[in-house]
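Worksheet for the structure shown next.
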Amino acid sequence: MRIDLLAYDLAFLSNAGIRDIELITNSFNSNAFKTKPRTLERIKASQGITVKRIPVLQTTKGPIINQIESIRENKFLIDFRNKILEDDNAENFIDIVIKVEQEFQKYRNNILIDKQKNCRLGASIANNAISFIIGNVVPGAGEIKTLISDANTRKFNWTGFIAELESS
């Protein structure tokens with residue numbers, strides 16, 4: 001890491017009048033931009049979860065990162081960043097990465113298991129019959145149940161970011 005080169009790059013961009021540029025940092029020069037405690041740990045945690053899911057091809061001209069714009073524009077990115085920021089108790093970034101990875105796996109597995117349980121023929125018929133009866137007795141009950149379910153699901157919006165990285 002050479003702060004003098006970083007300073008030179010910033011001075012060059014400023015003199016050239018280039019203002020709308022995204023500065024690429026790594027684990028070494030990120031320290032130069034550290035403004036809050038634990039920033040570097042959070043950056044490492046985010047990288048620990050995302051980097052292995054981003055396809056990279058190394059060429060003689062340098063790395064080609066596929067679909068980086070779609071990753072930056074992902075509708076769940078803010079939720080993912082908030083997830084990383086919420087954990088202040090972890091000792092280091094490895095703890096955060098492990099915790100988030102485990103929570104992601106558990107959530108994904110629970111969704112799959114619940115979906116499979118509810119799609120069995122007997123369960124499907126029973127659920128539809130109960131929903132029909134309750135809907136006739138208490139109008140709007142199905143919609144209220146859906147609203148509550150959606151609110152609980154939104155707590156895990158951050159998992160959408162990781163799942164979309166893996167599926168692309």
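Values for this structure:
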{"read-out": "Test: residue in the range 161-168 that is at pLDDT below 80, surrounded by 13 or more Cβ atoms within 10 Å (Cβ to Cβ) and among the hydroxyl-bearing types (Ser, Thr, Tyr)", "value": "yes"}
{"read-out": "Long-range neighbours under 6 Å by Cβ, at least six apart or interchain, first residue of a type in the set (A, V, I, L, M, F, W, C) within the range 45-63, second outside any helix (DSSP H, G or I)", "value": "VAL56/PRO63; VAL56/ILE65; LEU57/ILE64"}
{"read-out": "The range 145-161 residues that are under 21 Å from ASN109 (Cβ atoms) and assigned by TED's automatic domain parsing to the domain that holds ASN74, paired with ones that are surrounded by 11 or more Cβ atoms within 10 Å (Cβ to Cβ) and among the hydroxyl-bearing types (Ser, Thr, Tyr) (beta carbon under 9 Å, 6 or more apart)", "value": "PHE156/TYR107; THR159/TYR107; PHE161/THR50"}
{"read-out": "Options ALA141, ALA123: the member that is at pLDDT below 70 and either within 28 Å of ALA45 (Cβ to Cβ) or surrounded by 13 or more Cβ atoms within 10 Å (Cβ to Cβ) (or both)", "value": "ALA141"}
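The values are calculated or read from the model by the stated rules, or taken from the named source; none is laboratory data. No experiment lies behind these values; they were computed from the predicted model shown. Quick reminder, even Gly has a Cβ in these numbers, built from the backbone with ideal geometry, and neighbours come from all protein chains shown.
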